[in-house]
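A short worksheet on the structure shown next.
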Amino acid sequence: MITHGSRRTTPIARTVALAAALTMGLTGFGLTSEAVAEPLTTSPSTTTPAPESGDAGAGAPADENAGTVDARGPGQTPGAVFANRDLPRARMVAGAASGNDYTYWSTGADGKAHLSSALVMVPRGQAPAGGWPIVAWAHGSRGIADKCAPSERPTKEDATELSTWLSRGYAVVSTDYAGVGTPGTPQYYDLEATARNIVDAVSAARDVSDKLSTSWAVVGEGQGAAAAITLAKLGPQLQRNALDFKGAAATSIPAEFGALLANVGPSTATMPSGIAADALYTLSAIRNARPNLDVDALLTDTGKRWMAKAANECITSFRKEVDGLKIGSLFAKPVSSNTELTNLLMKATELPSRGFAAPVMMTQSLQDTSVVVPLTLKYLNEARADRKATPRTYLVLDAAQSKKLSDDDIRGFIAKVLK
């Protein structure tokens, strides 16, 4: 496995102490003690669920076509197409002329071949010479259950992002990440595996569509932002199929996420709902993918029920349910008491801050409640030393203005690298 580079030696406790010191007293951040919340009992469903409230595509008919499997394909080679079908008009976002829904092979955190699903859509109009340049949309956490796959159940944010980039003259590719909507356990907690999923989705898309350029860039938020930053370091060496990786843009960056999660335990109070949802999705995925780590030994009965719920709920509803949840009630022991699990969290989620091989734009709003902003600002300050990194923070109190500034900067960055 390709490493992410040298690991920082800052002790976990010091990292978390920094977060606590910087966030202490910020009552709006939500770090206050609340009553224990029990999850609602939900049985996993094997039927196609209705879209979540607020998700795009509500009322769109389900696509019953099974797709065509190409038995002559190159087997389990990363980036090889396993199945492909035309995307029905009802599942296309605004601005798409045509699209495909496909599955492809990629490599997981375990080094084994895994199937992943993805969408590719091309804009209206005449493709430029050489084909449409590609923007890969690396979405954040949407849930780890099969029903949460964005290709089948896009959130409003996903649909908006894809439509926006199509309107700017780019083809768009969006992977569900291996194990979400495909066989196997999601391993998105591992940044390199997620980065590989993205590269292989773009590679496969060029076999699916003959209208795509070799030039591509990635735009990510949340979990996808961490993968985009990882690609800024590893992308050129991971890409195949004559791809030409031009750069990465990342917003809402979950810096030191592994260190924060490793220090969760019985004394932990509440967290902002976005961070809490990501934490439970991550532990639930590891619990399923790596049973040898015995995550259950750390959990109370309440914690086990919440892990099961995380494995079954999609982000729109799950984020609401964890709002105000006293995280400490889920744990009988600190996560840090499990050394092997702690080491995995630290290694798998570590963001590179230097040695980038491609340009990378990093943006962060102060109003973001899905990350620990002080830790992200600390990370951006470290990354600033690399000449290929362009960190931007927006010191404005209006969230809408901050988002617009970030969108404008990322739009300009992508236009420059894909010109």
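Which of (1) surrounded by 18 or more Cβ atoms within 10 Å (Cβ to Cβ); (2) modelled with pLDDT of 95 or more does S370 not meet, given it meets every other one?
Here S370 clears every test but (2).
Among the residues of the range 332-353, is any at positive phi, under 23 Å from the mean Cα position of the chain (by Cα) and surrounded by fewer than 22 Cβ atoms within 10 Å (Cβ to Cβ)? So that I can check it myself, show each step before the final result.
Step one: filter the range 332-353 for residues at positive phi, giving none.
No, that holds for no residue.
Answer with yes or no whether V202 is among the aliphatic types (A, V, I, L, M), assigned to a strand (DSSP E or B) and either within 21 Å of A109 (Cα to Cα) or in contact (Cβ under 8 Å) with a residue 12 or more places away in the chain (or both).
no
When you scan the range 141-150, how many residues do you find that are buried (at least 23 other Cβ atoms within 10 Å of the Cβ) and either assigned to a strand (DSSP E or B) or not aliphatic (A, V, I, L, M) (or both)?
Final tally of qualifying residues: 5.
Can you name the number of the only condition in (1) at pLDDT below 95; (2) assigned to a loop (DSSP other than H, G, I, E, B); (3) in contact with a Ser or Thr (Cβ under 8 Å, 6 or more places away or on another chain) that H114 fails?
(2)
Looking at the range 164-192, which of the residues that are at pLDDT 95 or above and small (G, A, S) is surrounded by the fewest Cβ atoms within 10 Å (Cβ to Cβ)?
Top of the filtered list is S167.
Which residue pairs have Cβ atoms closer than 6 Å, lie 6 or more positions apart in sequence or on different chains, and pair a first residue in the range 156-173 that is within 23 Å of I315 (Cα to Cα) with a second residue that is surrounded by fewer than 17 Cβ atoms within 10 Å (Cβ to Cβ) and modelled with pLDDT of 95 or more?
S163/A94
The values are calculated or read from the model by the stated rules, or taken from the named source; none is laboratory data. What you see is a predicted model; the values in this text were computed from it and never measured. Neighbour counts run over all protein chains shown; Cβ positions are idealised from the backbone, glycine included.
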